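Trainee: A single structure is presented below for examination.
The values are calculated or read from the model by the stated rules, or taken from the named source; none is laboratory data. Since this is a predicted model, take the numbers as computed values, not measurements. When we count neighbours, we look across all protein chains shown, and the Cβ atoms used for this are built from the backbone with ideal geometry, even at glycine. Surface areas here come from the heavy atoms of the whole protein model, side chains and all, with no ligands, DNA or RNA. Shrake-Rupley method; radii C 1.70, N 1.55, O 1.52, S 1.80 Å.
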Amino acid sequence: MPFDEEDRILHPLRRRDDGRGFDEIGWDEAFEQIAARLLTIKDEQGPRALGMTLGVPSFDRYWAQRLMHALGSPNIYGADGACEVSRLTGWEHSLGYSPATDLAHTRCVMYLGRSLVDSSTTGAVDALNAARARGAKIIVVDPRRSGSAALADRWLRVRPGCDLALLLGIAHVLIFEKLYDAAFIDRYTTGFDELACAARAWTPAWAEALCDVPADAIRATARDLAAAAPAAVVDAGFHGGIGIAYANSTQTARAICLVDALLGCFGHEGGALNPSTPLVLGDLDPERFPAPAVPAEPKLGSERYPLVDPVRGLCTTVGQSILAGDLRGLIVYASNPGAGYGNAEAWLDILRRLDLLVTIDIRMSETARASDFILPDVTYLEADRGVGTARGRNDARAYYRGAALPVLHADTRPGWQIFTGIARACGLGRYFDFTPDDLAAAQIAPFGIDLAELKCRGWADTGAVMPERTGEPVITVPGGKIELASALWDKAGLGRVPGWIAPMVEPPAGMFRLISGNRPFESHTSRRLAEQGAAAEGADLGSVQMNVDAADELGIADGEVVELVSELGCDRVRVETTPYLHPACIFTSSAPGGRSGAQATVREGVTELGVGPLDHTPLRWDPLTGAALTQENAVRVEKIPVRGGAPAIGDVAKSQV
């Protein structure tokens, strides 16, 4: 096969009445039974009791969203909330958006917990190398020496969860060494005097005591950024240690905005770019193809978390809505809440409380195994994925993504057909009497592009002129200025200025924080697939990394099998010791897997897919954003008692402590 076929879902499946496994079912029967249960929930508890989670954006989302609107539900949840809702919320209410870094022109860039080398496209890695070749200074802040840190001019080995203290220390240096852009501060911000008063306490020595980055390195970093400004930037971040990992992740995003404001880099070449102008595609003619009304009621979770963008955030709050009894039926499309939204065991327990759970996916997942119905999608290679857009520096193009392969399994269907089938079974077919070609033609009609020609060539220039992303800084918060001292944030409990907030969990003496991240062999894939690439290069993604000095103190050797223990259980796992990791943490791969993984197996007492990044993290919701707080945990590492000269072997991968 041209891609991994293991665990492919080949037929529609329905859970047996006794709950033990699934039986194959025909498509029409599946649609009818799912529709009957959806309509029962709607009739008894209202349309707001229905919801849907979506994974990576795709052409089929159009049909998915249309189905939920036709049912009268506003509860459509994208995946951003599972990755970076805390960070996005911090930026949205500080600047108005999360800015991109102008890596092509920067003279100095600092990344916090983000490694382009380990998790991005080859184009992004090429851009990073090109920046280095130009002489740009690269600074990486990370508890481990990531692929990007290995290329950096300076690696700051920060204590996990303490990036905020480092940023505040940098702000202190910029302010009190008068290295900040006074003209930018005067014109585009408010509250500087109040900020400067608070910043007196944020000395490099104070920051070092919290984040373990030497005070001299903090001063040097601040001076390097200032010397290159405004063509210098602290990158806005992504997932990593600031996306949703800690209770201070939102405050950390505020602090990044603060430092970038002091550098005056917003809208400047080499700094933080203004937001891109979206290329708006056309839509179906409502006279020919009636559209359901967009529900006026707010999405579940939005009232509990009013600062969160309801379009991009809130997916992790689905669990709270289920526990409250507000959400009773859920369709899961190309996503996996049971493993990706927080601790898997806790999430699966929540999902099982639903009256109806339907999973639409290409292969079995944790969520699929807990579902009432499983419907088999096709892979992205087997079906047309419709119209997409790409923009250059000042132009924009439309492209068409056609199928690269025929459908490999006859009883699988593309997402748009599945949603159409459910809609028709619900009596809502009038909203779905259109084809993918109808939609694609409508989307490109405003640009005068012919669909047949687009399919033949693959891409076409839209003729749209995209404005430059440098120039007058774009600040879209109310008032049009960055509030360095903010009443909004004060009301939210984060203080008027972005002062220090500690992580929710501080591992006690003898314990470690379990952190995760990508390695070069993985990016948005399963642990098993990532393992195959790693094994080909002689690497072991199933192991965890531990600081060599911390390991020596416990008498643990490189390659030794140990027990990783927390309040949530015990795993046996192999240890890889390294000097390139902060001694306060244990590092594991971020790809889903581990004890709670659907594909977990044990060989010689060791979980083959390693320790899942959330296996030892209790399910908590951030009180401000509803984020999963994925690294608020504490684990201890224990040697395995020796019996007859060899470690005691046994399947303890699921044992409880």
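Trainee: For the chain, what proportion of DSSP beta bridges, expressed in % and rounded to the nearest 5, is antiparallel?
Mentor: Of those bridges, close to 45 percent are antiparallel.
Trainee: Quick check: the distance between the Cα centres of region 137-159 and region 201-217, to the nearest angstrom?
Mentor: 17
Trainee: Just want the answer: with Cβ charges of +1 for Lys and Arg and -1 for Asp and Glu, which residue in Ala205, Tyr97, Leu10 is farthest toward the dipole's positive end in the chain?
Mentor: Most positive-ward Cα: Ala205.
Trainee: Extending each Cα 7 Å along its Cβ direction at Ala293 and Ala182, get the distance between those two points in nm, one decimal.
Mentor: Distance between the two pseudo-spin positions: 5.9 nm.
Trainee: Using a 1.4 Å probe and ignoring any ligands, DNA or RNA, find the accessible area of Met511 and quote it in Å² to the nearest 10.
Mentor: We get 50 Å² for Met511.
Trainee: Now for a separate question. At 222 nm, what value in deg cm²/dmol follows for the chain if DSSP H runs of at least 4 each add -39500 (n - 2.57) and the sum is divided by all its residues, to the nearest 500?
Mentor: Helix-only estimate at 222 nm: -8500 deg cm²/dmol.
Trainee: Would you kindly state how much longer the chain becomes between Lys639 and Ala227 on full extension, computed as 0.36 nm times their sequence separation minus their alpha carbon distance, in nm to one decimal? Before the final figure, lay out each step's value.
Mentor: On the way: separation 412, 0.36 × 412 = 148.32 nm, distance 4.91 nm.
Gain on extension, Lys639 to Ala227, equals 143.4 nm.
Trainee: I need the Debye-formula profile for region 5-156: one equal scatterer per C-alpha, no solvent, reported as log10 I(q)/I(0) at q = 0.09, 0.11, 0.12, 0.20 1/Å, two decimals.
Mentor: Treating every Cα as an identical point scatterer, log10 I(q)/I(0) equals -0.56, -0.73, -0.80, -1.32.
Trainee: Between Leu405 and Ala557, what length in nm is gained on full extension when 0.36 nm per residue of separation is reduced by their alpha carbon distance?
Mentor: On the way: separation 152, 0.36 × 152 = 54.72 nm, distance 4.81 nm.
Difference between extended and current length: 49.9 nm.
Trainee: Follow-up question, since we're still on this one. Semi-axes of region 44-98's equivalent ellipsoid from the Cα gyration tensor, sqrt of 5 times each eigenvalue, largest first, rounded to whole Å? Before the final figure, lay out each step's value.
Mentor: Details: eigenvalues 136, 42, 18 Å².
Equivalent-ellipsoid dimensions as semi-axes: 26, 14, 10 Å.
Trainee: Please report the accessible area of His268 (heavy atoms, 1.4 Å probe, ligands and nucleic acids excluded) in Å², nearest 10.
Mentor: For His268, the solvent-accessible surface is approximately 70 Å².
Trainee: Using a 1.4 angstrom probe on the protein heavy atoms only, could you order Glu32, Glu92 from most to least accessible area?
Mentor: From most exposed to least exposed: Glu32, Glu92.
Trainee: Only bridges with both residues in region 65-213 count here: give the DSSP antiparallel percent, nearest 5.
Mentor: On the way: 0 of 8 bridges.
Antiparallel: roughly 0 percent of the beta bridges in region 65-213.
Trainee: Could you rank the peptides 624-630, 435-441 by their average count of other C-beta atoms within 10 Å per residue, with the highest value first?
Mentor: The most tightly packed comes first, giving 624-630, 435-441.
Trainee: What spacing in nm lies between the two simple spin-label points modelled at Lys455 and Asp285, each 7 Å away from Cα in the Cβ direction?
Mentor: 2.0
Trainee: At Glu32 and Ala104, where each label point lies 7 Å from the Cα along Cα→Cβ, what is the point-to-point distance in nanometres?
Mentor: Here the modelled spin labels are 5.7 nm apart.
Trainee: Can you tell which of Gly338, Pro298, Gly169 lies farthest toward the positive end of the dipole of the chain, using +1 and -1 charges on the Cβ of basic and acidic side chains (Lys, Arg; Asp, Glu)?
Mentor: It is Gly169, whose Cα lies furthest towards the positive end.
Trainee: Going through region 146-183, which trypsin sites (Lys or Arg not before Pro) have at most 10 other Cβ atoms within 10 Å and a DSSP loop state?
Mentor: Passing sites in region 146-183 are Lys178.
Trainee: Please work out the FRET efficiency for the pair Arg353 and Asp193, using the Cβ-Cβ distance as r and a Förster radius of 51 Å; give the result to the nearest 0.05.
Mentor: So, using R0 = 51 Å, E works out to roughly 0.45.
Trainee: Report the full-extension gain for the segment Ala205 to Ala220: residue separation times 0.36 nm, less the Cα-Cα distance, to one decimal in nm.
Mentor: Between Ala205 and Ala220, full extension yields an extra 4.1 nm.
Trainee: With every protein chain present, what accessible area does Glu483 have (1.4 Å probe, heavy atoms only), rounded to the nearest 10 Å²?
Mentor: My reading of the accessible area for Glu483 is about 90 Å².
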